[in-house]
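Read through the structure below, which is laid out as structure tokens, and then see the notes.
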Amino acid sequence: MKSTFPAYLPELLKHEGGYVDHPRDPGGATNLGITLNTLRDWRGRPVTKADVRALSRAEAAAIYEARYWNKINADYMPAGPDAALFDVAVNSGVGRAKQWEPLIRGKGPVDAVKAVCARRRAFFRSLRTFDVFGKGWMRRVNSVEAWCIAWAVKTAGGDVKGTLQREAAASDKTTKHAWAAAGGGAATAGTAAPQAAGVDWITLIAVGVPVALALAWLVYIAVSNVSRATAMKEAQNV
């Protein structure tokens, strides 16, 4: 059995980045994605922010493999879905990755990856800090999805470039339709506005708020699919 872990590690560390200590990040001081609490538990003794800052890539890799990859039994999953759920474990917890593991059952590897990533997007949108971190989260999910699809297809001896091109084209098409729908909705709202002059505010709000929410949702769909298409095009060299 050949593990995907060594191949995926550089992709993971690309997203985790270096040392950060964001005041709104509940994890606190973090380096290579490893928090102060995780490092303390791993070493079995108190650690400082300086210890986190000095964390080596080798030690981070050992932590990821032992505490995340092995904890979800990723070596026993198909190539592609294994890395997709591993990234969930790292980013959102081992428990959530195990909870979402049924998403990959009964599906081909590519569809399994897409199911996991769709669930991640919905989960992130439900979080109160989405306005702060949402853009980065979505960029990460899109990149992870593209990498995992490419790896799944490559492992099976399939056409990686062709598969990613089709996924990119599908997202480009969704973007086009979403922008068209958003434009149509805005135009409709604009022509209806003068007619609303004699309408009471309660009625106006009742009509206007759903329209605004719908337009915001369409804009989100358009922008997120631009990001997804870009990730699919960039992953063609995996």
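Quick notes on this structure:
- Only one of R45, R67 that is outside any helix (DSSP H, G or I), over 19 Å from the mean Cα position of the chain (by Cα) and modelled with pLDDT of 95 or more: R45
- When R119, R139 are checked against the criterion of being assigned to a helix (DSSP H, G or I), of a type in the set (K, R), open to solvent by 50 Å² or more (accessible area, probe 1.4 Å) and at pLDDT 95 or above, R119 stands alone in meeting it.
- Restricting the stretch 104-116 to residues that are over 11 Å from M77 (Cβ atoms) and open to solvent by 50 Å² or more (accessible area, probe 1.4 Å), the residue that is nearest to the chain's Cα centre (by Cα): K114
- Residue match in the stretch 50-60 (condition: touching a helix residue (DSSP H, G or I) at 6+ places or on another chain (Cβ under 8 Å), more than 17 Å from W147 (Cα to Cα), not charged (D, E, K, R) and not in a helix (DSSP H, G or I)): yes
The values are calculated or read from the model by the stated rules, or taken from the named source; none is laboratory data. A quick note: this is a predicted structure, and the numbers were derived from the prediction, not measured. Cβ sites come from the backbone with ideal geometry, for glycine too, and all protein chains shown count toward neighbours. In case anyone asks, the SASA skips ligands and DNA or RNA and just uses the protein heavy atoms, side chains included. Shrake-Rupley method; radii C 1.70, N 1.55, O 1.52, S 1.80 Å.
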